[in-house]
1. Dividing the convex hull volume of the Cα atoms of the range 91-191 by its residue count, what figure in Å³ per residue is obtained?
2. If you plug each phi of the range 61-76 into the Karplus form 6.51 cos²θ - 1.76 cosθ + 1.60 with θ = phi - 60°, what whole-Hz ³J(HN,Hα) values come out, in order, with x for Gly and Pro?
3. Roughly how compact is the range 137-176, stated as its Cα Rg over 2.2 N^0.38 Å to two decimals?
4. Please state the charge dipole magnitude for the chain, taken about the Cα centre, from unit charges on C-beta atoms (+1 on K and R, -1 on D and E), reported in debye and rounded to the nearest 20.
5. With N residues in the range 228-282, what two-decimal value do you get for its Cα radius of gyration over 2.2 N^0.38 Å?
6. With the radius of gyration and the Kirkwood radius both derived from the Cα set of the range 145-282, what is their ratio Rg to Rh?
7. Using every pair of alpha-carbon atoms in the chain, split the distances into 5 Å bins beginning at 0 and state the percent of pairs per bin, rounded to integers.
8. When only C-alpha pairs under 8 Å and at least 6 residues apart count, what is the relative contact order of the chain, in percent?
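What follows draws every value from the coordinates through simple rules; no lab data is involved. As the structure is a prediction and not an experimental result, all values here were calculated from the model. Glycine gets a Cβ as well: all are built from the backbone with ideal geometry, and neighbour counts include every protein chain shown.
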Amino acid sequence: MAWFKREKKSLESVPPDERRVRTEGMWIKCDACAAILWKKDLEANWQVCPKCEHHFKLNSVRRLELLLDDAAWTEHDAALASNDPLGFVDTKPYKLRLRDAQKKLGMADAILIAEGKLNGRDLICCSMEYAFIGGSMGAVVGEKVTRAIELCLERRLPLVIVSCSGGARMMEGTISLMQLAKISAALALLDDAKLPYISILTDPTTGGVTASYAMLGDLNIAEPGALIGFAGPRVIEQTIRQKLPDGFQRSEFLLQHGFLDAVVHRRDLKNYLSKSFDFFLA
């Protein structure tokens with residue numbers, strides 16, 4: 001006769017939020033090689049798969065921590081937020097999308113403007129956040145990038161923009177598209193002032209962001225395997241009714257065809273930027 005009896009609980013008696021394996025969320029499967037990775041190891045490796053070197057997305061804050069000395073910076077225009085100029089509604093109101101993204105991420109829009117040091121050199125770094133409505137570029141992103149450029153002009157500082165975006169924000173219509181010309185005009189002033197601008201393109205960089213500031217750097221560099229283009233490959237295939245080449249619109253393909261200056265591994269990015277600025281500002 002057993003001394004103790006284990007009480008059996010039916011699944012229905014367990015609350016839904018408790019029906020979880022204790023290791024849930026601690027492992028992640030690599031999109032490229034299907035290796036099962038310990039999430040903390042992946043984070044310690046700056047979101048790069050240790051098996052195949054696949055580059056996962058890096059959020060805007062971690063990107064600044066990667067590039068700036070002592071992971072320290074001063075943020076500019078942090079409170080600048082969209083006021084939903086069109087009163088846009090699709091499956092849910094744009095105001096709610098903005099509110100949900102702001103609450104979830106703790107940021108007002110899809111880009112951070114940071115002033116800091118890279119290997120001891122003062123600079124302005126703009127870091128886009130894909131988790132904020134696909135990193136889309138609305139009036140606020142355009143205004144913040146333009147203000148960052150003006151700050152570079154005022155203080156004679158070099159500029160880095162890290163792009164990670166699905167393109168122009170459709171909820172703001174033509175107002176969003178106006179940002180392409182606005183930022184491009186500001187970058188022309190930066191060029192006239194002989195101040196260097198390095199553009200970093202990450203996965204993905206598409207649409208209006210590619211059609212404007214992402215491809216206007218004095219040096220345009222990308223991370224390995226990044227999707228870069230205006231329209232996506234599926235849209236192009238459906239339009240031209242042809243199968244695209246393997247690797248089409250990936251950073252290595254673009255480098256081979258002259259659209260990029262370099263493809264740089266994430267671990268080498270900071271030193272690559274530092275050496276590039278040494279050349280530009282010598």
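1. Working: hull volume 9.8 nm³, N = 101.
Expressed per residue, the convex hull around the Cα atoms of the range 91-191 is 97 Å³.
2. Computed from phi, the couplings for the range 61-76 are 6, 4, 4, 5, 4, 5, 8, 9, 4, 6, 6, 10, 7, 10, 8, 10 Hz.
3. Details: Rg = 11.9 Å, N = 40, 2.2 N^0.38 = 8.9 Å.
So the Cα radius of gyration is 1.34 times the expected 2.2 N^0.38 Å.
4. Values: 37 positive and 36 negative charges, 238 e Å.
About 1140 debye.
5. Values: Rg = 15.7 Å, N = 55, 2.2 N^0.38 = 10.1 Å.
Dividing the Cα radius of gyration by 2.2 N^0.38 Å gives 1.55.
6. Working: Rg = 15.7 Å, Rh = 15.8 Å.
On the Cα set of the range 145-282, Rg over Rh gives 0.99.
7. 1, 5, 11, 14, 17, 16, 12, 9, 5, 3, 2, 2, 1, 1, 1, 0, 0, 0, 0
8. Numbers: 482 pairs, mean separation 36.0, N = 282.
For the chain, the relative contact order is 13 percent.
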